[in-house]
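In what follows, a single structure is set out as structure tokens and then discussed.
Please treat every number below as a calculation from the coordinates, not as lab data. The structure presented is a predicted model; accordingly, all values stated were derived computationally and were not measured. A quick note on method: Cβ atoms are made from the backbone with ideal geometry, for glycine too, and the neighbour counts reach across all protein chains shown.
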Amino acid sequence: MSDPTDRRIVVLLSGRGSNYQALRRAEEAGWLGGEIAAVISDRVQAAGLELARADGIDTVCVARNRYPDREAFEHALAVAIGGYRPRWIALAGFMRVLSPGFVRDHAGRMVNIHPSLLPRHRGLDTHQRVLDAGEREHGASVHFVTPELDGGPVISQVRMTVAPDDSPSALAERLLPLEHRLLPATMALLLHTPVEARDETISIQNQTLARPLELGPDLSDDGRLLGDGGRD
Ligand code: GRF
């Protein structure tokens, strides 16, 4: 029998929690291939905690302001995560930069969803920055978390076109439903296919990924690989 801890996900969030909810809907629909064991937040007021409670999911709040420094906070966070023995840790709107030590301790099993086509636009205000740069294309990425902010190897992306009259809020509004497809599809892939990150390279079923998987052509909405998916 397979080890149930191989299927557990812990979601970290700081706010609204709509990406958590998309994951949860995929779990309920039966194709995620894993179980959301807990939702953990660094903010007491995070609306995502309420959503998870309403779904009957364990919630833990490790409020940053209850700890004297980052080290104490991260220790408490690691203990909270470790209690669930997750295979995967999904950062879904978790707004805190984690220390290199914490990232190393969870290397290879922590992923983040970021609202840009990485490596373009790491950090905040991605929608505004896409417009400022006059770009015609925008999107979201799911990547392995490494000590460099939004800098880890990218597993998957979703793309959309930027219209000449787009505003940051219009971009955010159009991108969010795409994120809600990308994150569950990527987590489903990670739960049922051997995916590894070593240095800056991702391998899937022992084949190197030459470029991020694109939702649609390479990755189905329920997390299956399509075509050669950019694998060498
Ligand atoms: C998303 O846009 C995600 O890409 C970014 O933070 C936002 C979280 O939204 N990292 P939500 O809390 O999942 O609704």
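When the helix-only estimate is applied to the chain (DSSP H runs of n ≥ 4, each -39,500 (n - 2.57), divided by the residue count), what is the mean residue ellipticity at 222 nm, nearest 500 deg cm²/dmol? Result for the chain, helices only: -9500 deg cm²/dmol.
Of the three principal axes defined by the Cα atoms of the stretch 41-166, the extents in descending order read 47, 32, 28 Å.
Seen from Val130, the other residues with C-beta closer than 15 Å to its C-beta sum to a net charge of -3, counting Lys and Arg as +1 and Asp and Glu as -1. Among Asp222, Asp150, sorting on how many other beta-carbon atoms sit within 10 Å of each Cβ, with the fewest leading, yields Asp222, Asp150.
When only alpha carbons are used to place a centre, the stretch 82-117 and the stretch 1-76 end up 11 Å from one another. Report, in cubic angstrom per residue, the convex hull volume of the C-alpha atoms of the stretch 4-214. Spelled out: Cα convex hull of the stretch 4-214, divided by residues, is 120 Å³.
Helices that extend 18 Å or more along their long axis by alpha-carbon positions and average at least -0.5 on the Kyte-Doolittle scale are, among the DSSP H runs of the chain, 168-192. When the chain is treated as a Gaussian network with alpha carbon springs shorter than 10 Å, the biggest mean-square fluctuation among Gly15, Gly139, Gly30 belongs to Gly30.
If you model the stretch 110-232 as an ellipsoid using its alpha carbon gyration tensor, with each semi-axis the square root of five times an eigenvalue, the axes come out at 25, 15, 12 Å, biggest first.
Across the stretch 162-232, Cα pairs under 8 Å and at least six residues apart give a relative contact order of 27 percent. Among beta bridges from DSSP that stay inside the chain, the antiparallel ones total about 50%.
In the distance distribution for the stretch 35-98, Cα-Cα pairs more than 13 Å apart total 63 percent.
Distance distribution note for the stretch 183-227: the fraction of Cα pairs above 16 angstrom is 32%. Among residues other than Glu173 with Cβ under 12 Å from its Cβ, the summed charge is -1 (Lys and Arg +1, Asp and Glu -1).
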